[in-house]
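Chemist: Right, I'll just put the structure down here and ask away after.
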């Protein structure tokens, strides 16, 4: 009589073991995949408002103001800052000066900022 053990070790056929090891070795030796295509080389251009002004934004100081082209602007409570990939970013994640386009609301506070890719920055806009 043979005793059945459900949690015991199982014999692995040699062919299965060989195919697993060869798949791991193949994956390790395969060339790495191409890096993802950056946003600016995609087929669709990001729509930026024509009335937006262009400037260079300094890293925010965390005091509710943004400095663009040397001028300090108040930041609207509903402000959005978008990265080069068009994702919303928190102001404190910006660590270096960056080319941007921005919009102000009726009170003069900045409520929309788009960080520009090099090709978007080459387009001339009002300052």
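Chemist: Is it true that residue 81 is under 14 Å from residue 48 (Cα atoms), surrounded by 10 or more Cβ atoms within 10 Å (Cβ to Cβ) and in contact (Cβ under 8 Å) with a residue 24 or more places away in the chain? Walk me through it before giving the result.
Modeler: Values: under 14 Å from residue 48 (Cα atoms): yes; surrounded by 10 or more Cβ atoms within 10 Å (Cβ to Cβ): yes; in contact (Cβ under 8 Å) with a residue 24 or more places away in the chain: yes.
Yes, satisfied.
Chemist: Being under 30 Å from residue 115 (Cβ atoms), touching a strand residue (DSSP E or B) at 6+ places or on another chain (Cβ under 8 Å) and at pLDDT 90 or above is true for just one of 46, 71, 82. Which residue is that?
Modeler: Working: 46 fails: at pLDDT 90 or above; 71 fails: touching a strand residue (DSSP E or B) at 6+ places or on another chain (Cβ under 8 Å).
The unique qualifying residue is 82.
Chemist: Only one of (1) more than 17 Å from residue 123 (Cβ to Cβ); (2) surrounded by 17 or more Cβ atoms within 10 Å (Cβ to Cβ); (3) within 21 Å of the chain's Cα centre (by Cα) fails for residue 100. Which number is that?
Modeler: (1)
The values are calculated or read from the model by the stated rules, or taken from the named source; none is laboratory data. The model shown is predicted, which means the values in this text are computed figures rather than measured ones. Cβ sites come from the backbone with ideal geometry, for glycine too, and all protein chains shown count toward neighbours.
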